[in-house]
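*Asks:* Encoded as structure tokens, here's the structure I'll be asking about.
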Amino acid sequence: MQQPRNATGDSFFAWDGDVLIVNILGKPSACCDAIAKPMGTQLKVSVTATPKNGKATDHMVRFLAPLFGVAVADIEVVFGRESVHKQLRIKAPKKLPPVFDAG
């Protein structure tokens with residue numbers, strides 16, 4: 001079942017059972033792969049891949065999977081595969097990057 005775009009309310013993330021919903025502001029063609037600070041209701045994530053045919057998003061998912069302790073297949077791009085504004089659903093993350101503790 002697809003979640004509405006505002007599934008996270010005023011935060012950049014929310015839980016739907018054991019699924020973590022994360023709103024992302026992507027920055028392709030960056031100097032390094034990195035998670036930055038939240039910007040409003042989005043988490044800024046930079047990746048080195050170029051934004052062509054969703055390749056930056058695919059690279060982002062591969063970068064984020066080990067940070068959440070999940071397989072690449074456990075991360076669903078709900079919307080924004082070819083946009084800097086995207087929403088991810090991460091199934092049963094086994095760990096969370098430190099930025100999720102700052103809330």
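The values are calculated or read from the model by the stated rules, or taken from the named source; none is laboratory data. Keep in mind it's a predicted model, so treat the numbers as computed, not measured. Every residue, glycine as well, gets a Cβ built from its backbone with ideal geometry; the counts of neighbours run over all protein chains shown.
*Asks:* For the stretch 1-88, which fully contained strands (runs of 3 or more DSSP E) count at least 1 residues that are in contact (Cβ under 8 Å) with a residue 24 or more places away in the chain and within 16 Å of Phe100 (Cβ to Cβ)?
*Replies:* On the way: elements: 13-16, 19-27, 34-39, 42-46, 75-79.
Output list reads 13-16, 19-27, 34-39, 42-46.
*Asks:* Could you say which residue among Pro93, Pro66, Pro51 is modelled with pLDDT of 95 or more, surrounded by 13 or more Cβ atoms within 10 Å (Cβ to Cβ) and more than 11 Å from the chain's Cα centre (by Cα)?
*Replies:* Result: Pro93 is the single residue among Pro93, Pro66, Pro51 that is modelled with pLDDT of 95 or more, surrounded by 13 or more Cβ atoms within 10 Å (Cβ to Cβ) and more than 11 Å from the chain's Cα centre (by Cα).
*Asks:* Look at Thr48 and say whether it is in contact with an Asp or Glu (Cβ under 8 Å, 6 or more places away or on another chain), farther than 18 Å from Ile90 by Cβ and of a type in the set (Val, Ile, Thr).
*Replies:* In short, yes.
Quick grid of which residues meet (1) at pLDDT 95 or above; (2) surrounded by 13 or more Cβ atoms within 10 Å (Cβ to Cβ); (3) more than 16 Å from Phe79 (Cα to Cα):
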{"site": "Ser11", "(1), (2), (3)": "no, yes, yes"}
{"site": "Leu20", "(1), (2), (3)": "yes, yes, no"}
{"site": "Asn23", "(1), (2), (3)": "yes, yes, no"}
{"site": "Gly26", "(1), (2), (3)": "yes, yes, no"}
{"site": "Asp33", "(1), (2), (3)": "yes, yes, yes"}
{"site": "Gly40", "(1), (2), (3)": "no, no, yes"}
